[in-house]
Structures are given as structure tokens and as C-alpha cells.
Protein chains: 2
Amino acid sequence: MREDLRQDDYELLARLAERYYIDERTQEELAREFDLSRPKVQRLLELARRTGVVTIHVQAPPWLRLELERELRGRFGLADAIVCSSGPAPEARREAVAQRAAQYLERRLHDGSVVAVGHGRTAGAVPRYFRPGNRLDATFVSAMGGSPRIDAPTNPNEICRALADRCGGRAESLYAPAYVESAEVRDQLLAQEAVAATLELSAGASLALVGIGATDDDCTMVRSGCLTEVEVARLRRQGAVGDVLGNYFDIEGRPVSSPHQERLVALSVETLRQIPTVVATASEPEKPAAILGTLRAGGVSVLVIDEANARAVLELAGRSGAGPVPGGEGAGDLAPSGFGPPPSPARAALSGVL
Amino acid sequence: MREDLRQDDYELLARLAERYYIDERTQEELAREFDLSRPKVQRLLELARRTGVVTIHVQAPPWLRLELERELRGRFGLADAIVCSSGPAPEARREAVAQRAAQYLERRLHDGSVVAVGHGRTAGAVPRYFRPGNRLDATFVSAMGGSPRIDAPTNPNEICRALADRCGGRAESLYAPAYVESAEVRDQLLAQEAVAATLELSAGASLALVGIGATDDDCTMVRSGCLTEVEVARLRRQGAVGDVLGNYFDIEGRPVSSPHQERLVALSVETLRQIPTVVATASEPEKPAAILGTLRAGGVSVLVIDEANARAVLELAGRSGAGPVPGGEGAGDLAPSGFGPPPSPARAALSGVL
DNA sequence: GCCCACCGTGAGCAAATGCCCAACGCCGGG
DNA sequence: CCCGGCGTTGGGCATTTGCTCACGGTGGGC
């Protein structure tokens, strides 16, 4: 900074800046006092900012990682990123992330809100911290089928119920497993009024809460019995690094098309993109690649993760492929809610792709 | 600062502040993103400023004494104060002050401007530094009579001529001495069309440049032969500490009524107050009391002095009488051009008091 | 010496901001 | 339990701000 300002200019800038920013006078007053045109005062003040004569500092609380959040937002066009710092204990990390996600939900939910819910260990921890001040008439609806272990706390239906309990809202369960035996069975399921209605409801949600899954042998899909280690290994071989609602991506964010996709009962990524705010959570140490793939796939608009994952994702993104977004800093190109392209209404996308 | 903000609040403030001040998003965008009303965002941002979460710093050039200037402005209701720091050599100080005063004039003068001019060593040094970029059709007119030594460079007429030379403007001389023998002689002089017209012109000036005189044995009035040491001593005994245009004040800014006043050919203080911008200069080490008295008398709206005098004046004001103005800091009560009370047009004041 | 390109300037307008006020909900008192 | 007061909220408007654009002046090029 500090370009080649002559002494006089520098002095004028400082005087103007002081009067404007410290004394809170208006530009018009300054224009009169300094005998300049109002637009000129405005240009000079802008110059003062650009050249560093005026410095605006935000005293961030030390526990916040605003830099990381800013970089995540900038790189991946997120509407928001929340990075929780916490000790090395995986438990603590998950709880911290869950707490912040819960806090975020509290702020965003109103009477009448409809929330599409995915699965995952971290997402499953969210209800524990979800305590809206007053009773909230919100609807929580499963956005994907459940696992064989029906009452597992990582099960979408279960998370919906817990969230609804916490705020006095309603839970809409999806009576279907995440993966069925075949495409035919899936189509039969979707033909059922109850299943179709539930999925349609979740497709029209104003907010979604989803977990980001990995593809290691110990991932949630395996632990919950939705997929076998063999199936996950096959996905890995096809390049899959992670999933959202059972939709798998490679590290570049490209969908991994596999037989599983046709057996999946869940919102598609295209449908997810129609949801204005998609909150994704992750906290496990084996997640960086999964998170990166998901972010690149688009659709996620708010990311809640722990600091270690945040740094790992950024590092990974820095090395591999697509590189950073041009204006990685500054006002940046802001994509408030995920995406531009897909213009079709939720309903069309639902019947089309799902 | 830093009130008792809860952690959550603090965090919200920091996030908002960062997005607003660093990323330069609008309050409306933030309201949408954080799901708050726009007015609430505005209140939170204000809170962030008040509590010090946001700090705006003006990187003042080291040679500026903005603090001193601010205090002078606040204490004495000045529209502007310019403090020049310079070494202990009196010459250097005077030149520095003169230079800044000249610079100020350059900024304020336009074609058609009329400038009332007083006398003094520092004021006399101003023309040397007066170099407006392009030729300026301004009129410089003596606001007080001259000294016996007609061509002294501290003489108003001489200063007018020099200023006019520097910019291609016109000089209007006042053909009269500062002090005449008696009130009767003064009245005769004022009855003369040339003298009356000149004084009237200066009374209607849009800007005045005056020196602040002291009452020591070596003051300008004595050096230039306007008054004798004996006369100045008598003024001192009456409490006079300084003068503007030959009008003497005590340390509280009260006019010192003395026989001299009736023999003076110059604008009265009341008339001076009608002039929108009155620039007063001083740089000599024996001036603090004179400056203080003048400032308290009101009428001066822009003060150009050296750092030593600035500090001395403030110290003196701190100890003696009237104490500091209530809102010594902050947005302060701003009196853009000297005063409120005297409502009579320049002409009335002129014929009345002069 | 003349012409052209360019920078800096200020009018005018649309957006953003600050602020007032009425309505609401919460809390303490009766 | 009901009521009054106080703090908080967001709608709506006046002001302030950012920005575009056409203009005039200036310096360089021919």
C-alpha cells in the first residue's frame, strides 16, 4: 500500500479521513469546509482507504477463524462457512461442529420453515444442541432413506424426530431404506404416495442439513449398514471420495455414476441445489477429500467444519486441480445460495432426475 | 471499551463487521444472509464500532499533529486548526506557519474572492508561499491602517500588494495609519470616501487573514511604530494580552476598552465576526496568552500556529478560567464560521461600531 | 501552432444508510 | 391472574453515499 502520495495529498487525506471516520461528519460538510465538491470528497476518502491512510480493523475474537472462513467462502462460492476450532479429540470436534450448526439452524428457522435432513454422525449430534428460544412450528423431513438399523441416531428419520422434539415442530419420516436392491424396487417405492410426498416435501425445503460422508471402510454408510465394505471399496475404485445424501463425487466434484446411484432413495444433487440454503457438516479427520469433492460439486451453501478439516481442504484444493477462484479475497463474487444454472422449479427437477 | 458482550454476540458482531467493512457488502445483503432485519444489522454494526470490535484508524502522517488540532477545534469552536511542527528556530517556525496559511488560502480563494488583510510578521511571510496554480482574480484589501513605516513587509497594504502580485489579483490599500491622534481625527478619516469604501469592502470580505499580536515591548505594534512601548505598557496594565487588527483583549477574551480603541482605524471585532472565514496566524514564542485571549474573544474560525504555541495555549486554557468545552472530543459542537449572535448586516456593524 | 487523447471534475440519479416511531413482547408489580 | 412500563423490533422515510456520464481543461504529438 501507500502509493506515491505527495505530502500535501497525504495530509489532506488524513484530515478528511479523520473528520469523516472519527468525528463522523458528513461528506457534504467536509466538502463545504474544505471547499471541494462532494464527489471529490468521496473520491479522496476512497483513496484514503485504498492507500491505507485509513485502516479498518475488525478485532476478531481469538477463537474465531475468520481468515479460514473467508478463504473457504471465496474459493468455493459459499454463502457462509463456519470453522470451529477445538482440541484434537474427535468427540470434542464433532460436538463443537454440531453446536455451531445447531446455532446456525436456530437463527435461520421460522414458523413454517421446512428443513430437509440428511444423515451422518455429525449431523446426528446437532439436535443435542438445538434449543430455539421459543417453540417453533417447523417441519423436519428426511431427504434420504434410512439405514437398516432404524433407530440409529445417525438416521435421517431419527434426526428429524430429535430436532422436532427440541422445538415442538413436526417430523416427516421417509419410510424407505437409503439403498434398495434394484432400480426397479426404487421405482416402485417412489410410486408410493407416502414416499413420493415426503421426498417432494423435502425437495421444497427452504433449508437442508446434510452430512458429508467419506468412502473409507469405516464411513457412516458402512457403519450404519447401508453399504458393505465391498461396495464402498468399489466406489473408491471408481474415484469416489465422498457423498452427500448418498450421491457420490470424485475429488473434482463430478458425480460418480455407479449402480448404486440407481438404487438410491434420496434427493439428487440437482434437487438439493434448488434448496436456498444447504448446510453441510463434517468433523471427522478422514474427511478432507470428501469435503473438497462436495464443495466442488456445488449445492452446498453453508459449510460447518472443524479447523483441521478447513486447513486440510484448503491445502488440498491449493495443490490439486482447478486452483483458486480468481478474486480469492475482497468482495469476491458472491453466490448467495449455491448456484446459477439450473432454472427449473423444484418439482420438475424432482420428477425428472430423482 | 469492550462491554460485557456474550461470546455469541461478540462473534456475530465480528462476522457482520468483517463482511461489512472488509468485504464491503451492504447491510441489506447481510440482513438477508444472517436473517436479521436491516435496521438490526445497522444497530449491530454501530454496536461493533462502539464496543471496539471494529476499529477505524487514521494513519496520520507523523508530521501532523491531528490530536492538537482536534483539541483546539473542540475547545474553541474553530472550524479548522492547523498546527505546524518545526524546529526551535523562530524563523523556521514563522515560515512553516506562513506556508501552511498560504496553502490554506490557495484552497479557499476563487475568482471574485475578497480577502480582508491584517498585519503581523507571520502574516507578512504568507505571500512568499502563496502560489495559486492559475491566475486568480481575487481582491486583497487592508482591514486596518498601516504603520508609520509605510513599506514595512508587515504592513497590511504591503501584504495585500504582495498577495495580489502573486496571483494576478487586485490590492486595495487603506490610506490611513492604524492609530491616529484622536477620536476626532479618526472620524474625519472615516468620513473620507476612499477610506470608508475600503473599510466597507474589507468588512464584506469572504475571508480574512489576520495576525495575532502580543503586548510585550517587542511586539509588532511597537516595532512598526504604531504604538510606543509606554502605550503598550499601559495596555498591559489594563489586562491586555494580545490583539487582532489593533483590537486588544484580556486573557478571558474580553475587549480592553482604552483610549486607543477610539483612535483605531480598522475593522472592529464585531465586524470581523461577520466574515465567514477568519484565518489567524501566530508563530512567535511570546504569543500563547495573546492567542488564548483572541480565541476566547471569538471571531477567529481558522487558526494556523506552530506546535509549541498550540501546546502552550491548551495548557494555559486548561489551568486558567473557563475550562474546556463540554464535548471536547467527538463530533463536537461545530461552529463553522465563528459565531451566532450578531445578526446585523456588515454595513450596520461597520457604521455602528467602527 | 494546432489538434487530439486523456485525466480530472461536478451534475444528477439510484442505492444504501440512518433514524423515527408505532407495535410487540417480556418482566415485575399489584 | 391481569396490568402497566420498558426494552426491543422492524416498517417507512429523509438523508447520505456511490456512481455514471458528459464536459472542460491540459499536455503531448504532429
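Of the candidates B:93, B:25, B:38, the single residue that is touching a strand residue (DSSP E or B) at 6+ places or on another chain (Cβ under 8 Å) and not β-branched (Val, Ile, Thr) is B:93. Mind checking whether some residue in segment A:106-129 is within 12 Å of chain B (Cβ to nearest Cβ) and surrounded by 22 or more Cβ atoms within 10 Å (Cβ to Cβ)? For segment A:106-129, residues within 12 Å of chain B (Cβ to nearest Cβ) and surrounded by 22 or more Cβ atoms within 10 Å (Cβ to Cβ): present. The residues of segment B:9-39 that are open to solvent by 70 Å² or more (accessible area, probe 1.4 Å) and more than 9 Å from DNA strand C (Cβ to nearest atom) amount to a single one, B:32. Taken over segment B:108-121, the residue count meeting the criterion of being in a helix (DSSP H, G or I) and closer than 14 Å to residue B:208 by Cα is 1.
The condition of being outside the structural domain of residue A:285 (by TED's automatic domain parsing) and away from DNA strand D (no atom under 16 Å from the Cβ) holds for residue A:11. Within segment B:134-145, the set of residues being within 16 Å of DNA strand C (Cβ to nearest atom) and touching a residue at least 12 places away in the same chain (Cβ under 8 Å) comprises B:136 only. Against the conditions (1) part of a loop (DSSP other than H, G, I, E, B); (2) farther than 22 Å from residue A:65 by Cα; (3) within 12 Å of DNA strand D (Cβ to nearest atom), residue B:24 satisfies every one except (2).
Quick check on residue B:202: is it under 26 Å from the mean Cα position of the chain (by Cα), closer than 25 Å to residue B:103 by Cβ and open to solvent by 30 Å² or more (accessible area, probe 1.4 Å)? So residue B:202 fails the test. The number of residues in segment B:57-96 being on the phi > 0 side of the Ramachandran plot and either among the acidic types (Asp, Glu) or within 13 Å of chain A (Cβ to nearest Cβ) (or both) comes to 0. Checking each residue in segment B:188-209 for being touching a residue at least 24 places away in the same chain (Cβ under 8 Å) and part of a helix (DSSP H, G or I) picks out B:189, B:190, B:195, B:198, B:199, B:200, B:201, B:202, B:203.
Every condition in (1) β-branched (Val, Ile, Thr); (2) farther than 14 Å from residue B:156 by Cβ; (3) at pLDDT 95 or above is met by residue B:222 except one, and the failing one is (3). Put simply, of B:262, B:284 the only residue that is out of contact with any Leu (no Cβ under 7 Å at 6 or more places or on another chain), touching a residue at least 40 places away in the same chain (Cβ under 8 Å), crowded, with 24+ Cβ neighbours inside 10 Å and not aliphatic (A, V, I, L, M) is B:284. Checked against (1) over 17 Å from residue B:249 (Cα atoms); (2) within 21 Å of the chain's Cα centre (by Cα); (3) open to solvent by less than 20 Å² (accessible area, probe 1.4 Å), residue B:215 passes all but a single condition, namely (1). The set of residues in segment B:168-218 that are more than 17 Å from residue B:245 (Cβ to Cβ) and among the acidic types (Asp, Glu) comprises B:181, B:184, B:187, B:193, B:216, B:217, B:218.
The rows are residues; the columns are (1) hydrophobic (A, V, I, L, M, F, W, C); (2) closer than 21 Å to residue B:76 by Cα.
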position	(1), (2)
B:205	yes, no
B:223	no, no
B:249	yes, yes
B:266	yes, no
B:269	yes, yes
B:285	no, yes
B:291	yes, yes
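Among the residues of segment A:42-54, just one is more than 13 Å from chain B (Cβ to nearest Cβ) and either farther than 17 Å from residue B:56 by Cβ or away from DNA strand C (no atom under 14 Å from the Cβ) (or both), namely A:43.
All conditions but one from (1) open to solvent by 20 Å² or more (accessible area, probe 1.4 Å); (2) outside any helix (DSSP H, G or I); (3) away from DNA strand D (no atom under 13 Å from the Cβ) apply to residue A:61; the one that does not is (1). Total residues in segment A:74-102 satisfying the condition of being out of contact with any Gly (no Cβ under 7 Å at 6 or more places or on another chain), part of a helix (DSSP H, G or I) and more than 30 Å from residue A:165 (Cβ to Cβ): the figure is 1. Look at segment B:88-106: where a residue is among the polar types (S, T, N, Q) and a partner is part of a helix (DSSP H, G or I) and open to solvent by 30 Å² or more (accessible area, probe 1.4 Å), sitting 6+ places away or on another chain with Cβ atoms under 6 Å, you get B:99/B:129. The set of residues from segment A:40-58 being within 9 Å of DNA strand D (Cβ to nearest atom) and either open to solvent by less than 10 Å² (accessible area, probe 1.4 Å) or among the acidic types (Asp, Glu) (or both) comprises A:41, A:45, A:46.
Considering A:74, A:112, the condition of being of a type in the set (Gly, Ala, Ser), within 16 Å of DNA strand C (Cβ to nearest atom) and in the same structural domain as residue A:306 (by TED's automatic domain parsing) is satisfied by A:112 alone.
The values are calculated or read from the model by the stated rules, or taken from the named source; none is laboratory data. What you see is a predicted model, and the numbers here were worked out from it, not measured in a lab. So basically every Cβ, Gly included, is an ideal-geometry build from the backbone, and we count neighbours across all protein chains shown. The accessibility values were calculated without ligands, DNA or RNA, using every heavy atom of the protein model including side chains. Shrake-Rupley method; radii C 1.70, N 1.55, O 1.52, S 1.80 Å.
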